[in-house]
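Inspection log for the structure reproduced underneath, given as C-alpha cells.
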Amino acid sequence: MTPPLLEVEDLSVRFDTDDGFVHAVDRLSFTLDTGEVLGIVGESGCGKSVTSMALVRLLPETAVVGGRVLFDGVDLLGLSSRRLRQVRGRQISYVFQEPMTSLNPVFTVGYQIGEVLRRHLGLSRAAARDRALELLRLVRIPAPERRLDDYPHQLSGGMRQRVMIAMALACDPKVLVADEPTTALDVTIQAGILDLMRDIRERLGTAIILITHNLGVVADVADRVLVMYAGRKAEESGVDDLFAHPQHPYTIGLLGAIPRPYEGEGARRRLQEIPGRVPSLRVLPTACAFADRCSRADELSRTQVPELREVRPRHFVACFHPGET
Amino acid sequence: MSVAAETTSPADPRARRRRLLRKRFLRRPMAVGGLLVVAVFVVVAIFAPWLAPYGAGATDFNSLLAHPSSKHLLGTDELGRDVLSRVFWGARASMQVGFLSTMLAMVIAVPVGMVAGYYRGWVDTVIARLTDVLLAFPFLILAVGLAAILGPSLLNATLALGVGAVPGFVRIARGEMLALREEDYVPAAIVNGANDATIIFRHILPNMTSTLLVQATVTIPGAIVGEAVLSFLGLGVQPPTPSWGVMLQDAQSYLAQAPRLAIFPGLAIVFAALAFNVLGDGLRDVLDPRTTR
C-alpha cells in the first residue's frame, strides 16, 4: 500500500488565552489519500476549522500546535516560512467560508488568479491571463472572457466562491482544503458548488478535505467521514457505512437532526435535537466529552475517556457503548 | 444547478466605476471649484516664466511702491518689482514645497505605519508612542525647529515640512492597516503563498489609497502655509528669490504706506490652502466606501 498523501498524527492545538488554555483540538490523527474526499463534520466549536487551519499553519501566534502533519513525507509544522510559502497555494490550497470578503476588492478577478500563477509558476502576465481564463471556464463561470476583468463586488456570492476555487486550483494542487465552502451561499448555489467539487476531484484527481457542519453535504461528496466532537475524533468511516450503520450516539444525533421533508408516510417528523451544549474546552477531559448529552452514558463514560476502537472494518468509534440504535 | 442565476452586472466595469465617481464629484460644486483653483495655481507655478509679465527680480525704478495700474496690475513693491509677477513666481516655491514635502512624508511614513500596524508587538508600540509624542508638538513648531537646525533654504524647508508631516501619516497608515489586516483577503493571500511584503504592499496598500489621498490634500495646504511661515521667519526661501512668505516679510516694513503688498500674497496663500482643503473634503465624500456601492 502506498503511503497516504497527507498524514496527520496526534495534532493538538491549544489557545493561550487570558483565562488559561483552550484545548481546541486534542490528539487528532487522520490520513488523506490521493484523490480522496474526506469530510470533517461537527458542530460549531468542535475544532474542525482550527484543524484545517493548523494544516497550513494559518493560526494566530496564540495557538500552540503539537503533533505532525506529514505531506509527501515532510512535516509541514516544522517547515521554514519560506518553504511553507512554496507549499501554500502550490501543493495545498485553501478555500474559505466567506466568498464575499475573501477576494481583494481593488483587483480584478483575472489579476488575482493570475497573481498566484505568476508567483508559483513564474508565468508571464499574458500566460497567466490565458490560464486564468481557462480556470474560470473550469469552474464553470459563464462568459469567462468578460468576468476576467470584473471586480469582486460585481460578482454574486456563488460566482465569487467559484473564483476562489479557481484561484485555489490555479497551480493544480494535490490537496484542496475547503472550510465550509457552501455555508454562506444559497441552497441552489450550494448544489452547484458541490457539483463542481466532485467534478474537480474526478477531472484533476485533487484530494479534498471538506469541512462542514452539514451531513447532507458530506453524503453528497465525501468518500470518508470524520466526525469531530469537542476537539476529538468521535467516529470515522466510509461515507456509506457511516450513514447505514452509525455507531457513535453523537453521530446518530446528528443524523436525526437532518431535515427530511419528503420521507415517511406523509406525517411530519419532528427534528431531533441533541440536548445540551458542547462542553468547555478549558480543561482536558477526564470523561467522555459527550457523556452529559448522551442517553447511553454510564459510570464508565463519566470516569474514563473512551479510546478509538475499530468496531467494523475501517470504521472507528470513540465510545464505550457503540451501536446503531 | 443554475449558472444563469448567478450572473450579475454587465461588462466594462472599470469605465463604469470611473464614470460613477466622476459624476459624484461633479455634483459637488465646492469640490469642482477647489479643483479648478488648484489647477490654476499649478499651471501658474509651472508656467510662471511665460505667464508672468515681468521677471521675478526685474525692477522698475520709475515706479516704486506704485499703485495698481495697467502697467503693473497689482502695483509694485519698494524696489519697483511687479507684485503680480512675484505672486506668480512665488507660486513655484509654494507648490513645490506643498507637493514635495507631502510626498516625502508619505514615502517615509506609510511603510513605517503599515509595518507597525501589520506586525504589532513591540515594534508597533515603539512607533505608535513615538508618533504620539511627535504629534504632541504642533506641526509648525516641529517644522520651524527642524528648519532652524537644517539652515535656511527651499530644500531644507521642504525637508523640514515633510518630516513634520510624518507623524500624521504614520498614524493614518497604521490605523488603516489595523483595520485592513483583519480583512478576509489577507489570510486568503497567505494560503496562496504570498509573503509579508506582497501582502502589505500589493494587497493592503491599494486598499488605503483613497484615505491617503485625502490625507495628502490636507497636508499640502498645511505645507504651503508652513512654507510661508518659514520664509517669513527667514528659515525658508531667501530673498530676493520670490515666495509668498518672503513677500509678506518684505511687506512688513511698508504696511502703513502700502498694505496691498501684504494683501496680495496673503490672498494667494489663503486661496491655495482653501482650494486644497475644499478639494480634499470633496474627494473624501466621493471616495467614501460606504457611499461607493
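At-a-glance table
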quantity	calculated
Residue check, residue B:269 crowded, with 19+ Cβ neighbours inside 10 Å, out of contact with any strand residue (DSSP E or B) (no Cβ under 6 Å at 6 or more places or on another chain), within 14 Å of chain A (Cβ to nearest Cβ) and at pLDDT 90 or above	no
Test: residue A:259 is over 23 Å from the mean Cα position of the chain (by Cα) and at pLDDT below 85	no
Search result, residues across region A:49-74 that are assigned to a strand (DSSP E or B) and over 12 Å from residue A:10 (Cβ atoms)	A:63, A:64, A:71, A:74
Answer from B:167, B:187, B:206 - the residue that is within 15 Å of residue B:107 (Cα to Cα) and within 13 Å of chain A (Cβ to nearest Cβ)	B:206
Scan of region B:46-91 for residues that are acidic (Asp, Glu) and touching a strand residue (DSSP E or B) at 6+ places or on another chain (Cβ under 8 Å), ordered by number	B:60, B:82
Any pair with Cβ under 7 angstrom, 6 or more apart, that starts in region B:153-164 at a residue that is closer than 8 Å to residue B:143 by Cβ and ends at one that is of a type in the set (Ser, Thr, Tyr) and part of a helix (DSSP H, G or I)	B:161/B:101
Scope region B:233-262; condition hydrophobic (A, V, I, L, M, F, W, C) and either over 21 Å from residue B:44 (Cβ atoms) or over 23 Å from the mean Cα position of the chain (by Cα) (or both); matching residues	B:233, B:235, B:251, B:255, B:256, B:258, B:261, B:262
Filter result for residue B:227 (within 14 Å of chain A (Cβ to nearest Cβ) and out of contact with any Asp or Glu (no Cβ under 8 Å at 6 or more places or on another chain))	no
Options B:158, B:125: the member that is surrounded by 19 or more Cβ atoms within 10 Å (Cβ to Cβ), of a type in the set (Ser, Thr, Tyr) and either more than 14 Å from chain A (Cβ to nearest Cβ) or farther than 27 Å from residue A:114 by Cβ (or both)	B:158
Criterion: within 17 Å of residue B:198 (Cβ to Cβ), facing another protein chain (nearest Cβ under 7 Å), among the charged types (D, E, K, R) and part of a helix (DSSP H, G or I) - qualifying residue of A:85, A:90	A:85
Lone unmet requirement of (1) under 25 Å from residue A:239 (Cβ atoms); (2) more than 10 Å from every other protein chain (Cβ to nearest Cβ) for residue A:68	(1)
Within region A:98-136, tally of residues that are surrounded by fewer than 20 Cβ atoms within 10 Å (Cβ to Cβ), among the basic types (Lys, Arg) and within 12 Å of chain B (Cβ to nearest Cβ)	1
The listed residue being touching a residue at least 12 places away in the same chain (Cβ under 8 Å) and buried (at least 17 other Cβ atoms within 10 Å of the Cβ), out of B:287, B:274	B:287
Output for region A:295-318, where each listed residue is assigned to a loop (DSSP other than H, G, I, E, B) and either closer than 19 Å to residue A:284 by Cα or without any contact (Cβ under 8 Å) to a residue 24 or more places away in the chain (or both)	A:297, A:298, A:304, A:305, A:306, A:307, A:308, A:313, A:318
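Rundown of residues vs (1) assigned to a helix (DSSP H, G or I); (2) facing chain B (nearest Cβ under 8 Å); (3) crowded, with 21+ Cβ neighbours inside 10 Å; (4) more than 16 Å from the chain's Cα centre (by Cα), yes/no style:
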{"residue": "A:150", "(1), (2), (3), (4)": "no, yes, yes, yes"}
{"residue": "A:160", "(1), (2), (3), (4)": "yes, no, yes, yes"}
{"residue": "A:167", "(1), (2), (3), (4)": "yes, yes, yes, yes"}
{"residue": "A:171", "(1), (2), (3), (4)": "no, no, no, yes"}
{"residue": "A:183", "(1), (2), (3), (4)": "no, no, no, no"}
{"residue": "A:193", "(1), (2), (3), (4)": "yes, no, yes, no"}
{"residue": "A:198", "(1), (2), (3), (4)": "yes, no, no, no"}
{"residue": "A:201", "(1), (2), (3), (4)": "yes, no, no, no"}
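The values are calculated or read from the model by the stated rules, or taken from the named source; none is laboratory data. As the structure is a prediction and not an experimental result, all values here were calculated from the model. FYI the Cβ positions are ideal-geometry reconstructions off the backbone, even for glycines, and counts take in every protein chain you see.
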